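Computed from the coordinates by the stated procedures, all read-outs in this text should not be read as laboratory data. This one's a predicted model, so the numbers in the text were calculated from it and none came from an experiment. With ideal geometry, Cβ positions are generated from the backbone for all residues, glycine too; neighbour counts draw on all protein chains shown.
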Amino acid sequence: MFSEKDFERLWFLYKTEGEPKGVSINSFCISNNIPYTAFYDWFKKTQKKVVPVEVKK
């Protein structure tokens, strides 16, 4: 079973590494041995908590 922290890490990695390379979230989940359906359920429950952040140097 995956914890909330596992999904948070996966989402962060996807946004920083997978999405810029054009990898789908489904493929990214599969390559990280996490079932997409489990991730999707977590994301749907927490999407209101996830907000985009822009970091300026």
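Data for the structure
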| quantity | calculated |
| --- | --- |
| Where N is the number of residues in the chain, Cα Rg divided by 2.2 N^0.38 Å | 1.13 |
| GluC sites (Glu not before Pro) restricted to DSSP loop in the chain with at most 12 other C-beta within 10 Å | Glu54 |
